[in-house]
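Asker: Have a look at the structure that comes next, please.
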């Protein structure tokens, strides 16, 4: 091989290697390019899915789930049946009933019994014979006692009267808790109805703007109006769409607040039935003083305060009874058993002589001591000791009974009775202050509600006249705009004025309705719409 041939082969090999390397590079670049496109497409798809999910969540949060419509009575009944505050008030009533029952049973005798069993060993006292001996003793004691109060300064009687008034006060507190719940649910219910009507007003304004936009587009296409008129109305439609969304948000929030008052989960569907309400039928035909007089006689918080005053007065009398002597009739019964009772000796007719000192078995009948004193050996009878004094026999034989009178005279007991009396007097004074405060609060609430209802009626009448004027002005402006005598800006101003007037009328309407119903509620009337 020549040098030229070798050089040619080398160049050819390098060229082939370069082409192979470039091919691989292009393959890698195309792969990277494909991956970039794939990542871009994947990101776009993910973004589209996220946007769709966000839109879905917005729709779910703005639109309450469809459900059967509830009336105000159904909402109130459900709230009363499930309210935790009502359940707490019910437990307070039950606790007062227990106190009253206990005070009544205090008139009956108190009877108590006890049973004891013990085991002892070593030198000790026999609980039956009261003698000391060193043995193992099993003993038992059964006793019962009773005490009947005869006189205790009328303390039990006054305590019963006190607990009766406290029970009545608890029942009135329960009624007040129900009234507060009814007012709260009614307010939230009427707020939902109010927002539903505002949504309808916003949708009506949006529909009117859309119709006018379609009409303007045709006129712009025909050359009768400039393009700016169409753009102005298009912006107005967008503004009205925002108003619809805002009112739907307010409606969803009011429904959520009603659900929370009813202890219903937010995920559960709830809708309310819009009642037929006519403010023209609501007339304030009584003065604030007349309404307050009726409320003071009917509302439970006033009666509860009066019952607590009476209960505190009887509490003072019951506490004063602790300063007087107490007379009681007492009775008792007791019996016991002991295993150390002396066993009974049963002789068998034989005799036994003692053993002599020298170990002989034949002791003499007489003997002489070293000091020449005479003595006789004792002769012991033979037999057995048997414990035939059984448990039931001892229990029966050891019974003893007591009956008597006990008079307790308070002399000095650390000032506890006097302190109890003074505390009860202070509680009575506090109850009277609380009653005055409750009455004053009720008067202020009635006067405030009366002024608010009167002002709401005036606002409603003014808003009604305003809507009538705005409707006529908008009708004339619409005719002028269609005839080309008015601009889209003037049309938008007139439409917005009409929308605000209708919104103010709706707000004034339901505000007056609720304020008037509150006045009826103070008069003991059923809260119905």
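Asker: Looking at the structure I just gave you, is residue 227 surrounded by 14 or more Cβ atoms within 10 Å (Cβ to Cβ) and in the same structural domain as residue 79 (by TED's automatic domain parsing)?
Answerer: no
Asker: Within the stretch 72-81, identify whether any single residue is surrounded by 11 or more Cβ atoms within 10 Å (Cβ to Cβ), assigned to a strand (DSSP E or B) and at pLDDT 90 or above, and answer yes or no.
Answerer: no
Asker: While we're on this one: State yes or no: is residue 293 at pLDDT 90 or above and more than 17 Å from residue 190 (Cβ to Cβ)?
Answerer: So residue 293 fits the description; yes.
Every residue, every condition in (1) closer than 30 Å to residue 208 by Cα; (2) assigned by TED's automatic domain parsing to the domain that holds residue 207; (3) without any contact (Cβ under 8 Å) to a residue 24 or more places away in the chain, yes or no:
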residue	(1), (2), (3)
244	yes, yes, no
248	yes, yes, no
252	yes, yes, no
257	no, yes, no
266	no, yes, yes
269	no, yes, no
274	yes, yes, no
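Asker: Something else about it: Suppose we filter 501, 483, 508 for residues that are more than 25 Å from residue 73 (Cβ to Cβ) and surrounded by fewer than 17 Cβ atoms within 10 Å (Cβ to Cβ); which single one remains?
Answerer: On inspection, the qualifying residue turns out to be 483.
Asker: Which one of 336, 322 is part of a strand (DSSP E or B) and at pLDDT 75 or above?
Answerer: It is 336.
Asker: Now, a different point. In the set 500, 480, which member is under 22 Å from residue 198 (Cβ atoms) and assigned by TED's automatic domain parsing to the domain that holds residue 199?
Answerer: The unique qualifying residue is 500.
One line per residue, one yes/no per condition, for (1) crowded, with 20+ Cβ neighbours inside 10 Å; (2) farther than 21 Å from residue 76 by Cα:
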residue	(1), (2)
138	no, yes
142	no, yes
145	no, yes
151	no, yes
158	yes, yes
175	no, no
180	no, no
183	no, no
192	yes, no
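Asker: Identify the single condition in (1) at pLDDT below 85; (2) closer than 30 Å to residue 516 by Cβ that residue 208 does not satisfy, given that it satisfies every other one.
Answerer: It fails just one condition, (2).
Asker: Please work out if residue 415 is modelled with pLDDT under 90 and within 50 Å of the chain's Cα centre (by Cα).
Answerer: Here the answer is yes, as residue 415 does meet what is asked.
Conditions tested, residue by residue: (1) at pLDDT below 90; (2) part of a strand (DSSP E or B); (3) under 31 Å from the mean Cα position of the chain (by Cα); (4) surrounded by 15 or more Cβ atoms within 10 Å (Cβ to Cβ).
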site	(1), (2), (3), (4)
258	no, no, yes, yes
267	yes, no, yes, no
312	no, no, yes, yes
316	no, no, no, yes
332	no, yes, no, yes
340	yes, no, no, yes
347	yes, yes, no, no
355	yes, no, no, no
365	yes, no, no, no
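Asker: Residues in the stretch 105-125 that are surrounded by 14 or more Cβ atoms within 10 Å (Cβ to Cβ) and not in a strand (DSSP E or B): how many?
Answerer: 1
Asker: Considering each residue of the stretch 219-240, count those that are over 21 Å from residue 207 (Cα atoms) and either part of a loop (DSSP other than H, G, I, E, B) or in contact (Cβ under 8 Å) with a residue 60 or more places away in the chain (or both), and give that number.
Answerer: Looking only at that region, the number is 5.
The values are calculated or read from the model by the stated rules, or taken from the named source; none is laboratory data. Being a predicted model, the structure only gives us computed values, none of them experimental. Positions of Cβ are generated from backbone atoms using ideal geometry, with glycine treated the same way; all protein chains shown enter the neighbour counts.
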